[in-house]
1. So what are the ³J(HN,Hα) numbers for segment 75-87, from phi and the Karplus equation (6.51, -1.76, 1.60; θ = phi - 60°), rounded to whole Hz, Gly and Pro as x?
2. Counting Lys and Arg as +1 and Asp and Glu as -1, each charge on the Cβ, what is the dipole of the chain about the Cα centre in debye, to the nearest 20?
3. I'm a student and want to see the number: the projected area of the Cα convex hull of segment 23-76, averaged over all directions, in nm².
4. Bin width 10 Å, alpha-carbon pairs only: give the P(r) of segment 143-276 as whole percents, running from 0 to the bin holding the largest distance.
5. List the residues, sorted by chain then number, that are 5 or more residues from GLN36 or on another chain and whose placed amide H is less than 5 Å from its amide H.
6. Measuring with a 1.4 Å probe in the full set of protein chains, what accessible area per residue, in whole Å², belongs to the chain?
7. Scan around GLY59 for amide H atoms under 5 Å from its own, H built in the peptide plane at 1.01 Å from N, and keep only partners 5 or more places away or cross-chain.
8. Divide by every residue of the chain the summed helix terms, -39500 (n - 2.57) for each DSSP H run of at least 4, and state the resulting mean residue ellipticity at 222 nm, rounded to the nearest 500 deg cm²/dmol.
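The values are calculated or read from the model by the stated rules, or taken from the named source; none is laboratory data. Since the model is a prediction, treat every value here as computed from it, not as a measurement. For neighbour counting, all protein chains shown are included, and Cβ atoms are generated from backbone atoms with ideal geometry for every residue, glycine included. Note: accessible area is taken over every heavy atom of the protein model, side chains too, but ligands, DNA and RNA are not part of it. Shrake-Rupley method; radii C 1.70, N 1.55, O 1.52, S 1.80 Å.
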Amino acid sequence: MIVRRTVTALGLLLTASPALADCAGVEGACEVPMGQYHIALPEGDGPFPALMMLHGAGGRGEGMVNMLREAVTARGYALIGPQGLQREGSRFGSTWSFHPEFEPVRDEAAYFEEVLSHAAEVHGIDRDDVLVAGFSIGGSMTSYLACDAPDIARAYAPVAGSFWRPHPALDACAGPVDVLHTHGWTDGTVPIEGRVFRDGAVRQGDVFAGMEIWRETNGCDRSAPDEITNEGFYWQRFWTSCEAGSLTFALFPGGHAVPRGWADLALDWYEGLPVE
């Protein structure tokens, strides 16, 4: 077996960032038939491993790239910021089509595959060495993508976003997957236990129920984690002796944000995953 190879708090919307992100040095967004994305590349020659980071509700792909560019490219990774679409009649701006009870505006799995294939062909990313992550609604999209299409990436790292109610059934996910879920202990926008709003029409899920879905999917011991750490900024629970895949749950003492040091936390975790 081979072992492979700080971010400030972030509000829900990422529209205030200066428009620094582009298409790997070319002004404007990268274009694919189903949408747009932004990408920043590290120094050197590819193929590069890649982190694809999905924005929150009302956000922009370039906002994620602007925020994480320095931390991610310094580690030798390409950073990809896909762009969500606005649902007709919505006042919440760009979002992702994942909710099981809402009509999708795009086949997101097909779009992400298109983005990654284009980035591999044009920008030299390693298509087989991709971590997909997302913040808030982007974290929810990451969770559903990991459940429905786990082969799109090597691993998944949602931040402050998980499944919504009705939760997927315990046996609903397509296959085992490596997941790192990060969440703020005092998150009031996406509380760990979930919440109900819009007069009950929208129901956020329970993050602990999401952890149970991943443990069932991966064939982990559902009674207790293999390891618990509570030193430093992150409190972490690890399920590693699973039949396939793994699960790490990282809590931090803060609210609805991408917490400080998250890029290094996620990439350290990703690089520690075994490669067959």
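1. So the Karplus estimates, Gly and Pro as x, are 8, x, 9, 6, 10, 10, x, x, 10, x, 10, 8, 6 Hz.
2. 820 debye
3. Value for segment 23-76: 4.3 nm².
4. 12, 44, 36, 7, 0
5. Amide H to amide H, under 5 Å and 5 or more residues apart or across chains, GLN36 pairs with GLN83.
6. 43 Å²
7. Close amide H contacts, sequence-distant or interchain: LEU14, SER94.
8. Result for the chain: -7000 deg cm²/dmol, rounded to the nearest 500.
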